[in-house]
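Notes to accompany the following structure.
The values are calculated or read from the model by the stated rules, or taken from the named source; none is laboratory data. All of these numbers come straight from a predicted model, not from anything done at the bench. Counting neighbours? That spans all protein chains shown, and the Cβs are built from the backbone with ideal geometry, glycine included.
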């Protein structure tokens with residue numbers, strides 16, 4: 001990623017596993033939506049799909065490595081770290097030249113892990129919003145138990161935007177804890193569609209069709 005002229009808002013999207021840059025359906029919806037937001041608000045803006053590896057998990061070895069290491073090591077973990085480092089480096093470079101720039105960040109699937117970790121290095125007052133879609137490290141305490149609070153409409157996490165399944169509690173790769181980081185609290189939004197094994201609304205790996213519906217659900 002290269003820095004260019006300063007803009008008021010940088011919109012960054014981190015794509016999911018195996019997706020080609022600027023090609024994913026989720027990215028296309030994000031790009032269109034954020035273009036509309038910038039135009040409506042009168043922002044000068046730059047909207048980008050983060051150029052990182054976004055390694056595919058189609059190979060069993062890569063998938064197994066992600067699962068046994070909770071996404072931290074092996075090929076999958078290296079891909080996530082690549083995304084985190086790419087985003088953090090870009091942020092630092094932009095802020096050196098453009099200290100007034102603010103940020104909207106969104107990530108889908110593996111990209112949600114990238115954004116969820118990288119945003120910890122951002123100044124909270126420069127972050128407008130963090131959107132996480134199909135996050136493998138989702139954390140919803142209200143979904144735990146036999147008859148959880150979420151099923152009674154109680155103690156819902158403030159970042160819960162679209163999670164229809166009240167039994168959803170953690171993602172397929174565990175949970176990021178704390179899910180909201182420090183002074184960024186209150187700036188997160190979380191989407192986890194029904195039948196999405198990756199973010200934990202399904203506990204059956206063969207029932208994962210919901211993971212591919214976020215372009216229809218909407219990402220803004």
Open item on the list: Condition (residue is touching a helix residue (DSSP H, G or I) at 6+ places or on another chain (Cβ under 8 Å), surrounded by fewer than 20 Cβ atoms within 10 Å (Cβ to Cβ) and within 22 Å of residue 201 (Cα to Cα)) applied to segment 50-60: is it met by at least one residue?
Closed with: yes
- [ ] Would you confirm whether any residue within segment 109-116 is at pLDDT below 95 and closer than 18 Å to residue 177 by Cα?
- [x] no
Open item on the list: Given the condition free of Cβ contacts under 8 Å to residues at least 40 places away in the same chain and closer than 26 Å to residue 188 by Cβ, answer yes or no: does some residue in segment 61-69 qualify?
Closed with: yes
Open item on the list: Can you find, within segment 176-210, the residue that is surrounded by the fewest Cβ atoms within 10 Å (Cβ to Cβ) among those that are closer than 23 Å to residue 64 by Cα and within 13 Å of the chain's Cα centre (by Cα)?
Closed with: 176
Open item on the list: residue 61 - would you say it is more than 16 Å from the chain's Cα centre (by Cα) and in a helix (DSSP H, G or I)?
Closed with: yes
Open item on the list: Can you find a residue that is surrounded by 19 or more Cβ atoms within 10 Å (Cβ to Cβ), touching a helix residue (DSSP H, G or I) at 6+ places or on another chain (Cβ under 8 Å) and closer than 27 Å to residue 123 by Cα anywhere in segment 141-155?
Closed with: no
- [ ] Starting from residues that are surrounded by 15 or more Cβ atoms within 10 Å (Cβ to Cβ) and in contact with a strand residue (DSSP E or B) (Cβ under 8 Å, 6 or more places away or on another chain), keep the ones in segment 20-36 and report whichever is farthest from residue 210 (Cα to Cα).
- [x] 34
Task: Those strands (runs of 3 or more DSSP E) lying entirely in segment 106-216 with at least 1 residues farther than 25 Å from residue 90 by Cβ - done: 160-162
- [ ] Quickly run through segment 104-117 and pick out the residues that are surrounded by fewer than 24 Cβ atoms within 10 Å (Cβ to Cβ) and touching a helix residue (DSSP H, G or I) at 6+ places or on another chain (Cβ under 6 Å).
- [x] 117
TODO: Select from segment 72-100 the residues that are in contact with a helix residue (DSSP H, G or I) (Cβ under 6 Å, 6 or more places away or on another chain) and either surrounded by 20 or more Cβ atoms within 10 Å (Cβ to Cβ) or not in a helix (DSSP H, G or I) (or both) and list them in ascending order.
DONE: 76, 80, 83, 84, 87
Open item on the list: Which of the numbered conditions does residue 23 fail, given that it passes all the others? Conditions: (1) within 22 Å of residue 118 (Cα to Cα); (2) without any contact (Cβ under 8 Å) to a residue 12 or more places away in the chain.
Closed with: (1)
TODO: Return the total of residues in segment 167-196 being in contact with a helix residue (DSSP H, G or I) (Cβ under 7 Å, 6 or more places away or on another chain) and within 17 Å of residue 137 (Cα to Cα).
DONE: 11
- [ ] Looking only at segment 4-35, count how many residues are in a strand (DSSP E or B) and touching a helix residue (DSSP H, G or I) at 6+ places or on another chain (Cβ under 6 Å).
- [x] 3
Task: Hits in segment 34-58 (condition: touching a residue at least 60 places away in the same chain (Cβ under 8 Å) and under 16 Å from the mean Cα position of the chain (by Cα)) - done: 34, 50, 52
